[in-house]
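**Q** Here you go, one structure.
Values in this text are rule-based calculations from the coordinates and carry no lab data. Owing to the predicted nature of the structure, the values given are computational and were not obtained by experimental measurement. Cβ: placed from backbone, ideal geometry, glycine included. Neighbour counts: every protein chain shown.
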Amino acid sequence: MPRESDSANFDARSADAIAHDLPFAARAEVRPTKVSITHEGPIIRVERLEFAPKQSFDGRATPAAVRDVVRHPGAVTVVAVKDDCTMVLVRNRRVAVERWLVEFCAGKLERGEDPHRAAARELEEETGYAAGTLVKLGAFFTSPGFADEIMHVFLATGLRPVPQRLEPGEELEVVEMRPDALATQIAAGRVTDGKTLGAYLLWSLHRAEGSSQ
């Protein structure tokens, strides 16, 4: 249930004014009093952030807090669509969840790497297709509750076959299906990879705006 003050103020504010992301600076959020690194690996770094008690934007007192945050270099995922509208995905072996997941191809950014370049590379390496045209559809945070990873989403069209180049340790199979079949799989709960669901939404919005692919 929303608090009474929120309900009373909602009608006085337009949806455009409230339905968007706000940086901490917009609400004068305090910085952590202490930051320590608890883990550093080849891809991620885990930081422990300690915050002193403060007063929140709505006037409530909040206690001191400790948050563990995963720092990630960012990643790309590619919605690859062939000339006949078939979509190219992969079935990927994901050790963390002990499942083979159907996903759009994806990969992390190298330090300072342009997402457009990374998307072109991951598409070729994982699917064995190169893109004639690569257009950015948008970006989103994958798990903002504990990580700062940003996923950049691209649409690849004009596909042509190239040699597949899997990295050491990668285990995946190329999967091709029509958009309506993928939608059915998503609705049935058989496709559960978050970046694939988010990318499919962005692609669907792009298609609804009049794009043929």
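**Q** Can you run phi through the Karplus equation (6.51, -1.76, 1.60; θ = phi - 60°) for the stretch 131-148 and list ³J(HN,Hα) in whole Hz, with x for Gly and Pro?
**A** Karplus values, whole Hz, x for Gly and Pro: 9, x, 9, 10, 10, 7, 9, x, 7, 7, 7, 7, 8, x, x, 8, 9, 9.
**Q** Mind checking which lysines have their C-alpha under 21 Å from Lys82, skipping anything on the same chain fewer than 8 residues away?
**A** Here the lysines satisfying the reach criterion relative to Lys82 are Lys136, Lys195.
**Q** DSSP loop (so not H, G, I, E, B), at most 12 other Cβ within 10 Å: list which GluC sites (Glu not before Pro) in the stretch 141-191 pass both filters.
**A** Here the GluC sites (Glu not before Pro) that fit, given the DSSP loop and packing criteria, are Glu171.
**Q** Also, quick follow-up: HN-Hα J couplings of the stretch 190-207 from phi, Karplus 6.51/-1.76/1.60, θ = phi - 60°, integer Hz, Gly and Pro as x?
**A** 8, 10, 10, 6, x, 5, 5, 5, x, 5, 5, 4, 4, 5, 4, 5, 4, 5
**Q** Would you work out the charge dipole size for the chain about its Cα centre, treating the Cβ of every Lys and Arg as +1 and the Cβ of every Asp and Glu as -1, and quote it to the nearest 20 debye?
**A** Magnitude of the dipole: close to 400 debye.
**Q** Using label points projected 7 Å from each Cα along Cα→Cβ, tell me how many nm separate Glu40 and Trp100, to one decimal.
**A** According to this spin-label approximation, the distance is 3.9 nm.
**Q** Just in the stretch 104-213: which trypsin sites (Lys or Arg not before Pro) are loop by DSSP and have at most 16 other Cβ atoms within 10 Å?
**A** Within the stretch 104-213, the qualifying trypsin sites (Lys or Arg not before Pro) (loop, at most 16 other Cβ atoms within 10 Å) are Arg111, Arg165, Arg190.
**Q** What shape does the stretch 84-148 take by its C-alpha gyration tensor, where a ≥ b ≥ c are the square roots of the eigenvalues and a/c under 1.5 counts as rounded, a/b above b/c as prolate, and the rest as oblate?
**A** Oblate, since a/c reaches 1.5 and b/c is not below a/b.
**Q** Karplus couplings for the stretch 60-76 from phi (6.51 cos²θ - 1.76 cosθ + 1.60, θ = phi - 60°), rounded to Hz, Gly and Pro as x?
**A** Result, rounded to whole Hz: 7, 7, 10, x, 4, 9, 10, 10, 9, 10, 8, 9, 10, x, x, 8, 10.
**Q** Moving to a separate point now. Can you bin the stretch 32-83 into rounded, prolate or oblate? Criterion: square roots of the alpha carbon gyration tensor eigenvalues sorted a ≥ b ≥ c, rounded for a/c under 1.5, prolate for a/b above b/c, oblate for the rest.
**A** It is oblate, given that a/c is not under 1.5 and a/b is not larger than b/c.
**Q** So who's got an amide H within less than 5 Å of the one on Arg45, skipping anything under 5 residues away but keeping other chains? H placed 1.01 Å off N, in plane.
**A** It is Arg71, by chain and number.
**Q** Order the peptides 67-76, 23-32 from the highest to the lowest mean number of other Cβ atoms within 10 Å of their residues.
**A** Those peptides, ordered most packed to least, come out 67-76, 23-32.
**Q** Let me ask another. How large is the dipole of the stretch 150-213 about the Cα centre if only Lys and Arg carry +1 and Asp and Glu carry -1, each at its Cβ, rounded to the nearest 20 debye?
**A** 220 debye
**Q** Separate question: Using a/c under 1.5 as the rounded threshold, could you call the stretch 75-208 rounded, prolate or oblate? The axes a ≥ b ≥ c are square roots of the C-alpha gyration tensor eigenvalues, and prolate needs a/b larger than b/c, oblate otherwise.
**A** Verdict is rounded for the stretch 75-208.
**Q** Which value at 222 nm does the chain reach when only helices count, each DSSP H run of 4 or more adding -39,500 (n - 2.57), with the total divided by all residues and rounded to the nearest 500 deg cm²/dmol?
**A** So the calculated ellipticity at 222 nm is -6500 deg cm²/dmol.
**Q** Another question, if that's okay. Kindly express, to the nearest 10 degrees and within the range 0 to 90, the angle between helix 115-127's C-alpha long axis and the longest C-alpha principal axis of the chain.
**A** Tilt relative to the chain: about 50 degrees.
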